[in-house]
Amino acid sequence: MTHMHIPDGILPIWLWLAGFLVMSLVLAFSFYRVRGMDTKKKVPLLGALSAVMLVGMTLPVLPGYHINLTVVTGILMGPSLGMVAAFVTNVILSLMGHGGITVIGLNTLLVGSETVLGHLLFTLLKRLPVFWRAAVATVLTLFITTLMLVGIVAVSHLDPEVLHQGEEHGNEILNGSVSTFAWMALSLGAVGWLIEAAITGAVVRFIAQVKPDLLGHDLHRSPGRKG
Amino acid sequence: MLDVAKIDHWAASGSGPFHRASTLSKVLFLMLVVAGAVVASSPYPLMAGYALILAVAIGARLPWTSMVPLSLYAVVFALLYGLSLRGGALLFGLLIFKAVTPSLAMITLIMTTPYPRIFSLLSTVLPELLASTLFMTYRTLFILLDMMGNFAAAIRLRGGLSPGSLAKNSSNIARGIAMLLVRAVERASRLYAVMAVRGYSGSMAQKGAEGLRPGDWLPLGTGVLVLAAAIAWK
């Protein structure tokens, strides 16, 4: 829900370059974490789950809303491979004209954060029934990543050169405009969080009934490691 | 969302000058247009750039009537972002053309270049795991879209989607996605087994970039003109 459909040339250069830098560091850390895994075994699975995310994004559940399935991917793949899936999904989305090339870094960080937070929260909320566990993890995850999106937009306005934004009354305009964006993102986003939560909860409950081993996190465990 | 299968068909079946140009030149064309959008501070050079790319697409016999609506898809978030900046008409014009001009360049690239060739070029700079996953995702995407289409038809025929019943529809859609996901994972496991038997060693995408050819003047020239206009109009 929270990836940016921002085209190229709109965000300040330093911001998207920083996005690429942080994304590279995070991906490098993810690769470090999966170094013990048989990664060639993971490629078909990563491809399948990245494709499922892309298919989810083709489903308009309400006008203007599509689902992402990032939390499901995080729950099934774990944080490190979830981050890899987020990168792959964003590269293919940008190759489809769905968001700019320059924002791949920031979008990977946003979508990747959803997989990481989704996995983490699902693991923490053990006491809840599986539907609510996944649904609550989804709402909390999307709330946090929407705040991150608002933060990115707020930071992007801090560039004094950005798009001829005048220095006079700059702070006044900045505060007003960011709060407008935040209000729109949070209020419109909240509807999306609930839809995504309902679908994620139902999907994870179905998996728990039909193929519970997928939720045992065997998928992202190295063959040689336990726990 | 874009019709991926149709784009793939256009990319693989065309024979115009853009189709004949090398992948490297078309990726460079895209980069030049993106650079033009990044440095532009007025909407007019980008407007001219959009018109130029469109004229080239028409001249190269590309399906421009499909390309224009697809390029406008990028406008929505640009407008939302523009609202957050509270600028005037010129700012909105700049934001819109910063969105649609690179978007048209991207659509020109993907409508004239099969995805495996783009991934092949990307695999020269990306780690093996990422390059192989990109290729596998692309391959699996078409299978899943087909399965999802069949599922949607089946659920409609059985009365599973009824207007006005959001809860029932959501529940059925969720079951469809869950089934798709389980099948995707099972297919991935089977595919790995088949690939392992056939000697898969971790490398999948064909590596290497083709060099530039004489026919590359069209994408390279177009890109250079867009960037030059953006720099000159300062």
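What follows is calculated from the coordinates using simple rules that are stated; it is not laboratory data. Owing to the predicted nature of the structure, the values given are computational and were not obtained by experimental measurement. Cβ placement follows ideal geometry from the backbone for every residue including glycine, while neighbour counts extend to all protein chains displayed.
Can you sort A:39, A:141 by how many other beta carbons sit within 10 Å, fewest first? Kindly include the intermediate steps, with their values, before the conclusion.
Details: A:39 20, A:141 29.
Sorted ascending by nearby Cβ count, the order is A:39, A:141.
Just to confirm the filter: which trypsin sites (Lys or Arg not before Pro) across the stretch A:103-147 are DSSP coil and have at most 15 other Cβ within 10 angstrom of their Cβ?
On the way: sites: A:126, A:127, A:133; in loops: A:126, A:127.
Answer by residue number: A:126, A:127.
Within 10 Å of each candidate Cβ there may be at most 15 other Cβ atoms; applying that plus a DSSP loop requirement, which trypsin sites (Lys or Arg not before Pro) in the stretch B:47-143 survive? Please list the in-between numbers first.
Values: sites: B:61, B:86, B:98, B:117, B:139; in loops: B:61, B:86.
When the trypsin sites (Lys or Arg not before Pro) of the stretch B:47-143 are filtered for loop state and at most 15 Cβ neighbours within 10 Å, B:61, B:86 remain.
Within the stretch B:18-51, which residues have the backbone N less than 16 Å from the label spot 7 Å out from residue B:234 along Cα→beta-carbon, could you tell me?
Taking a point 7 Å out along Cα→Cβ of residue B:234, the residues of the stretch B:18-51 whose backbone N falls under 16 Å are B:35-43, B:45-46.
If R0 is 41 Å, what FRET efficiency do you get for residue A:213 and residue B:212 from their C-beta distance, rounded to 0.05?
Numbers: r = 51 Å, r/R0 = 1.23.
Once rounded, the FRET efficiency stands at 0.20.
Taking beta carbons within 10 Å but only from partner chains, what does the mean come to for residues B:142-154? The partial results should precede the final answer.
Details: counts 1, 3, 7, 4, 0, 1, 5, 0, 0, 0, 1, 0, 0.
Per residue, the average neighbour count from other chains is 2.
Going by how many other beta carbons lie within 10 Å of each one, how would you line up B:233, A:16, fewest first?
Starting with the residue having the fewest Cβ neighbours, the order is B:233, A:16.
On a C-alpha basis, how far is the centre of the stretch B:105-172 from the centre of the stretch A:96-112 in Å? Whole number, if you could?
17
If you take each beta carbon of peptide B:185-194 and count the beta carbons of other chains within 10 angstrom, what is the mean?
Numbers: counts 10, 2, 4, 11, 5, 1, 5, 7, 2, 1.
That average works out to 5.
Using Cβ counts within 10 Å as a stand-in for footprinting exposure, how do A:213, A:8 rank, fewest first? Working shown, then result.
Numbers: A:213 9, A:8 27.
The order, fewest Cβ neighbours first, is A:213, A:8.
Students often get this wrong, so check it: of A:211/B:6; A:40/B:98; A:41/B:26; B:26/B:234, which have C-alpha atoms separated by over 30 Å? Display every interim value, and only then the final one.
On the way: A:211/B:6 34 Å; A:40/B:98 40 Å; A:41/B:26 33 Å; B:26/B:234 26 Å.
Among A:211/B:6; A:40/B:98; A:41/B:26; B:26/B:234, the Cα-Cα distance tops 30 Å for A:211/B:6; A:40/B:98; A:41/B:26.
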